[in-house]
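Enquirer: Encoded as structure tokens, here's the structure I'll be asking about.
The values are calculated or read from the model by the stated rules, or taken from the named source; none is laboratory data. These figures come from a predicted structure and were not determined experimentally. Quick reminder, even Gly has a Cβ in these numbers, built from the backbone with ideal geometry, and neighbours come from all protein chains shown. When the accessible area is computed, the model is the full protein with side chains, heavy atoms only, and any ligands, DNA or RNA have been set aside. Shrake-Rupley method; radii C 1.70, N 1.55, O 1.52, S 1.80 Å.
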Amino acid sequence: MIVMSDTIERIKCLIIGSGPAGYTAAIYAARADLKPVVYTGMEPGGQLTTTTEVDNFPGYPEGVDGPTMMVHLQQQAERFGTEVRIGMVTAVEFSNEVGGIHKVTVDNNKPIEAETVIISTGASAKYLGLPSEQRLRGGGVSACAVCDGFFYKGQEVAIVGGGDTAAEEATYLAKLCTKVTMLVRGGQMRASKAMQHRVNSTPNIEVHYHTEVDEVLGDQVVEGLRMVNRQTGEKEEIAITGLFIAIGHKPNTDIFKGQIDMDEVGYILTHGKSTKTNKHGVFACGDAQDKEYRQAVTAAGTGCMAALDAERYLASID
Ligand SMILES: Cc1cc2nc3c(=O)[nH]c(=O)nc-3n(C[C@H](O)[C@H](O)[C@H](O)COP(=O)(O)OP(=O)(O)OC[C@H]3O[C@@H](n4cnc5c(N)ncnc54)[C@H](O)[C@@H]3O)c2cc1C
């Protein structure tokens, strides 16, 4: 059935996702009178709601726990009139025209039209899927060395992965921790030669090839790791307090496939220094378009940019 346009809600600025990028976009869009509507998705508040301590977001000298920080961001967005709705965007049909109206479906049944769309759907870190790993997430198992490495200063940790991110995070951790055990599944790292060289020339990183995690040890917090050699089947236990998983991220952009330009992994491509996508009036910010930095503050920064880009776009077509 084709629904007539005048029965469908028209939104000036639709924001998809409620992490730091989405709420910051909402703060700016609301103050610019774009009357933004945020759809929260399955994880209201985004990735930071899964962590306890956030110590590196400016403005919190004593640190803050992730869920509290995201409530603050939501309240700040609502203060200026942002409407926050629980709901998942399930389909989109973006216009190719300048000034065109974008069609969006929420929860498979609610059609919406939007003059501008800000995509801030974030990304999800990949985990190994072991029950012991899932149980100890937040208790010593982390997917972000830059976020959580500091808490393991002077301790022994392990990192899983063999790509550029794993190599970079291993060298980052090596500056803070006394020893970093790196587990690489294959016989060599996938990281660039330069990164491999950095790892291999860092004395407190010990690389174990053909090795994966058999079990993360510990009741409430990580106390150790049992690793297994994939070739020999030999198992070895080591004492560690932190386990970092660096096997990649998946941007939450599947619903935009075929609608918007993205790279082979699914990160949305934006033009130059802006948040503009290949569709007029559609902007992308935060981890959904950032495979480099993946921090709350950088997500917030690009959220601000997306709202400014949306405002300028609307002004230009008025
Ligand atoms: C355990 C952990 C600890 C971290 N610690 C820190 C830290 O200390 N400091 C730091 O700077 N960074 C930290 N990070 C990274 C930080 O959380 C991310 O960089 C940041 O949250 C990215 O923000 P975002 O707004 O782009 O996306 P996200 O926070 O990922 O939010 C995405 C939002 O999009 C929504 N969404 C997805 N799909 C849809 C859809 N189809 N429809 C509607 N909504 C949708 C989700 O529900 C969610 O609300 C941590 C990450 C993790 C996982």
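Enquirer: I'd like the antiparallel share, as a percent to the nearest 5, of DSSP beta bridges with both residues in the range 77-177.
Expert: The antiparallel proportion sits near 90 percent.
Enquirer: Placing one identical point scatterer on every Cα of the range 170-217 and ignoring solvent, what is log10 I(q)/I(0) from the Debye formula at q = 0.17, 0.22 Å⁻¹?
Expert: -0.51, -0.81
Enquirer: Could you compute the net charge surrounding Ala166? Neighbours are other residues with a C-beta less than 11 Å from the C-beta of Ala166; K and R count +1, D and E count -1.
Expert: Net local charge, Ala166 excluded: -1.
Enquirer: Of the peptides 272-282, 303-313, how do they stack up when ordered by the mean number of other Cβ atoms within 10 Å, highest first?
Expert: 303-313, 272-282
Enquirer: Right, next: Return the whole-Å distance between the Cα centroid of the range 255-289 and the Cα centroid of the range 44-120.
Expert: Between the Cα centre of the range 255-289 and that of the range 44-120, the gap is 16 Å.
Enquirer: Could I ask something else about it? With a probe of 1.4 Å, find how much accessible area the chain has per residue, and write the answer as a whole number in Å².
Expert: For the chain, the per-residue accessible area is 49 Å².
Enquirer: Which one, Ile159, Pro67, Thr202, projects farthest toward the positive side of the charge dipole computed for the chain from Cβ point charges (K/R +1, D/E -1)?
Expert: With unit charges placed on the Cβ atoms, the residue in question is Thr202.
Enquirer: Please report the antiparallel percentage of DSSP beta bridges with both residues in the chain, rounded to the nearest 5.
Expert: Percentage antiparallel, nearest 5: 45.
Enquirer: Using the 2.2 N^0.38 Å rule of thumb for compact globular proteins, work out how the range 200-243 stacks up: its C-alpha Rg over that value, please.
Expert: Ratio of Rg to 2.2 N^0.38 Å for the range 200-243: 1.25.
Enquirer: By what distance, in whole Å, do the Cα atoms of the range 13-108 stretch along each of the three principal axes, largest value first?
Expert: Largest first, the range 13-108 extends 47, 28, 19 Å along its Cα principal axes.
Enquirer: Here's something else I'd like to know. Around Asn252, what is the net charge, scoring Lys/Arg as +1 and Asp/Glu as -1 over all other residues with Cβ under 15 Å from its Cβ?
Expert: Around Asn252, the charge tally is 0.
Enquirer: Order these peptides, 289-301, 24-36, by their mean beta-carbon neighbour count within 10 angstrom, highest first.
Expert: For the peptides 289-301, 24-36, the packing ranking is 24-36, 289-301.
Enquirer: Could you tell me the number of lysine pairs in the range 139-291 with C-alpha atoms less than 26 Å from each other, where the two lysines are 8 or more residues apart or belong to different chains?
Expert: Number of lysine pairs found: 20.
Enquirer: A further question follows. So, counting K/R as plus one and D/E as minus one, what does the shell of residues with Cβ under 9 Å around His210 add up to?
Expert: +1
Enquirer: Expressed as a whole percent, how much of the Cα-Cα distance distribution for the chain exceeds 27 Å?
Expert: Value for the chain: 48 percent of Cα pairs lie more than 27 Å apart.
Enquirer: Ignoring ligands, DNA and RNA, please state the percent of accessible area on the chain from carbon and sulfur, probe 1.4 Å.
Expert: Carbon and sulfur together cover 50 percent of it.
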